[in-house]
Amino acid sequence: MNSALIAVDFLYDFIEGSLACANAENAVRNTLGYIETVTKGQNGEENEILDTYPILFVRDHHPANHSSFIENGGIWPSHCVAGTKGGEIHKDLQPYVREELTFDKGCDPSEEQYSGFEGTNAAGQSLAEVLELLDCSDVFVSGIATEYCIKNTCLDLKKAGFRVHLLQHCLGYVDETGHREAIAEMRQEGIIVE
Ligand code: VGL
Ligand code: ZN
């Protein structure tokens, strides 16, 4: 049984754009540090790293008419529109991105979808399906935002039977109190906070 990292919504709009979150830049740095730690001793060949320790990326990936946007009756400013810079993964993480391990969510204009668990890759496979194919029992989660996508993704992974480890220093958030409360709630649900 293997481990994998799930890197959630490390997208420019959540880091420095229309929905810039607190601690987002630190979360990127610390996630890169985590990747270095788990791949230490390897030659640094990109394929070797990804073959031994899969890194799965989740992307909020909205159409311009998405219902969560204020102009369409939702609560968020327009963000992470497919094909825009705001919807791209931070450049420092790009070397680890593989199309088959990238899962998009929020693609349907009428659905919010905070959980990466509902995301699918270009081949239409779900996150859970691919984790099972990779024989993963343990998932380590980092990303943005603790109160929304991270919490929903972690709780869904836990319900599906994975051992879920939350990398608490690798998180960006909307509000610090909300971030703390979400971590406490996840801990209560059996998520391992590291
Ligand atoms: C998210 C706000 C808007 C998230 C998505 O995935 O955390 N937050 N859309
Ligand atoms: Zn969104």
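The values are calculated or read from the model by the stated rules, or taken from the named source; none is laboratory data. Not measured: the values here are computed from a predicted model. Every residue, glycine among them, receives a Cβ derived from its backbone with ideal geometry; neighbour counts consider all protein chains shown. Only protein heavy atoms, including side chains, enter the accessible area calculation; ligands, DNA and RNA are left aside. Shrake-Rupley method; radii C 1.70, N 1.55, O 1.52, S 1.80 Å.
Data for the structure
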item	result
Residue pairs meeting the criteria (Cβ under 6 Å; at least 6 apart or on separate chains; first within 14 Å of GLY178 (Cα to Cα) and open to solvent by 30 Å² or more (accessible area, probe 1.4 Å), in the stretch 130-153; second within 16 Å of ligand 2 (Cβ to nearest atom) and polar (S, T, N, Q))	ASN152/SER115
Unmet criterion (only one of (1) surrounded by fewer than 17 Cβ atoms within 10 Å (Cβ to Cβ); (2) in contact (Cβ under 8 Å) with a residue 60 or more places away in the chain; (3) farther than 20 Å from PRO54 by Cβ) for GLY190	(2)
Answer residue from the stretch 103-113, given it is open to solvent by 60 Å² or more (accessible area, probe 1.4 Å) and within 14 Å of ligand 1 (Cβ to nearest atom) and is nearest to the chain's Cα centre (by Cα) among those	CYS107
Subset of the stretch 20-65 that is in a loop (DSSP other than H, G, I, E, B) and at pLDDT below 90 - its residue that is surrounded by the fewest Cβ atoms within 10 Å (Cβ to Cβ)	GLY41
Filtered residues of the stretch 76-102 (kept if over 19 Å from ILE15 (Cα atoms) and open to solvent by less than 60 Å² (accessible area, probe 1.4 Å))	ARG98, LEU101
Condition met for GLY73 (at pLDDT 95 or above and open to solvent by 50 Å² or more (accessible area, probe 1.4 Å))	yes
